[in-house]
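To start, the structure under review is shown below, and the notes come after it.
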Amino acid sequence: MTSLKDRKKFGIKGTLRWHVIRLIVVILAALLMAVNIKTFVNAGGLFPGGATGLTIIIQRVALKYFGLSISYTPINVVLNVIPVYIGFRYIGKRFTLFSMIMVLANGVFVDMLPNYSLTHDPLLVAVFGGLLNAIAITMCLNVDATSGGTDFISIYLSQKKGMDAFPIILGMNVVILGIAGFLFGWDKALYSMIFQYVSTQALHGLYRNYQQRTLFIITDMPDRVCSMIYATCGHGATLIDGEGSFAHRNKKIVYSIVSAADTRKIIPRIKEIDPNAFINSVRTEEITGNFYMRPRD
């Protein structure tokens, strides 16, 4: 995928190419999410989280209690008004624009595609529906867009406020599933929990930009390693004096926290600089203070 540095290097042509790639990926993600809704979600009577789940609840309430068949698109667009404002105002204008394209395209595809059931096994529906949902969201995130709804809120709280948005999003989804369980049966709500759990776990594995890793690097070339880390991902590092317990030689330990996605680039480059470097990569649960994250455009 084209990086921000590459886009700056190639200028207008590179930027245009990047936006075309973004548009294609966002459309494909919208189609995949729509297919998921029209097959697994509707086949199992499930309720995804966020604005999508709330849209489906409103549709099913209107049909069951009032005999009205309401299109997916207008409901979903209205529910995304406030999240879109948050994205446009605080996150990034192009980021929000491509996210709006995702929301609109997904709605159009959902309203156009017919319902089709691949399986009626509720567990299979929940598991594979959750996987497809995670893949669609990951496709958007990888090209600097979202699927709308609570994704805007999550990114805003994580990137701008330094808050862990998971408890808030989880609380909102619990309310949505509570309403769905009360109106349509608790078995549907419970299988929807499996759907959301699978989706969350798959997303956690597929998209790692919001996860951090702590690197402890014992090397004889600390200055070059620090410079490389800063040039690669914009993060600084701290040098710690150490002493080997066997040979009692003085060593420098480079301590740095980077995004999990960046470790795939940084670790091979450390080995290029110092083939004898010892690297310990540890999952970081929580950080406070300044942590650089590339701004959304």
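What residues from the range 94-120 fall in the zone where the backbone N is under 19 Å from a label point 7 Å along the Cα-to-C-beta line of A62?
103-115
Which is the longest stretch in the chain that no exposed loop site breaks, taking sites as trypsin sites (Lys or Arg not before Pro) with a DSSP loop state and at most 13 other Cβ atoms within 10 Å? Let's see the in-between values first.
Details: sites that count: K161, R249.
Result for the longest clean stretch: 1-160.
Which of the DSSP-defined H helices in the chain satisfy a minimum axial length of 27 Å, computed from C-alpha atoms, and a minimum mean Kyte-Doolittle hydropathy of -0.5?
Working: long enough: 4-36 (38 Å, 0.79); 93-112 (28 Å, 1.16); 122-142 (30 Å, 1.85); 186-206 (30 Å, 0.22).
Helices meeting the span and hydropathy rule in the chain are 4-36, 93-112, 122-142, 186-206.
With Rg and the Kirkwood Rh both taken from Cα atoms, where does Rg over Rh land for the range 78-120? Please list the in-between numbers first.
Working: Rg = 14.1 Å, Rh = 11.9 Å.
Using Cα coordinates only, the ratio equals 1.18.
Which chymotrypsin sites (Phe, Trp or Tyr not before Pro) does the range 179-268 hold that lie in a coil by DSSP with at most 14 other beta carbons within 10 Å? Walk me through the numbers on the way to the answer.
Details: sites: F182, F184, W186, Y191, F195, Y197, Y207, Y210, F216, Y230, F246, Y255; in loops: Y207, Y210, F246.
Filter output for the range 179-268: F246.
Please give the length that would be gained between S69 and W186 if that part of the chain were fully extended, namely 0.36 nm times their separation in residues minus their C-alpha to C-alpha distance (nm, one decimal). Write down the numbers at each step before the final one.
On the way: separation 117, 0.36 × 117 = 42.12 nm, distance 2.34 nm.
Full extension of this stretch gives 39.8 nm more.
Apply 1/(1 + (r/R0)^6) to the Cβ-Cβ distance of F278 and Y230, taking R0 = 30 Å, and write down the FRET efficiency to the nearest 0.05.
Computed FRET efficiency for F278 and Y230 comes out at 0.90.
Round to the nearest 0.05 the FRET efficiency obtained for I21 and M112 when R0 = 41 Å and r is the Cβ-Cβ distance. Could the numbers behind the result be given before it?
Numbers: r = 24 Å, r/R0 = 0.59.
According to the calculation, E is roughly 0.95.
Any idea what diffusion coefficient the range 4-206 gets from Stokes-Einstein, in µm²/s, Kirkwood Rh on alpha carbon pairs, 4 °C, 1.567 mPa s?
Details: Rh = 17.3 Å.
D, rounded to a whole number, is 75 µm²/s.
Going by a ≥ b ≥ c, the root eigenvalues of the Cα gyration tensor, does the range 212-284 fall in the rounded group (a/c under 1.5), the prolate group (a/b larger than b/c) or the oblate group?
Numbers: a/c = 1.86, a/b = 1.63, b/c = 1.14.
Prolate.
Read the figures in this text as sums done on the coordinates, not as results from a lab. In this text, all values refer to a predicted model and were calculated from it rather than measured experimentally. Backbone-built Cβ (ideal geometry, glycine too); neighbour counts: all protein chains shown.
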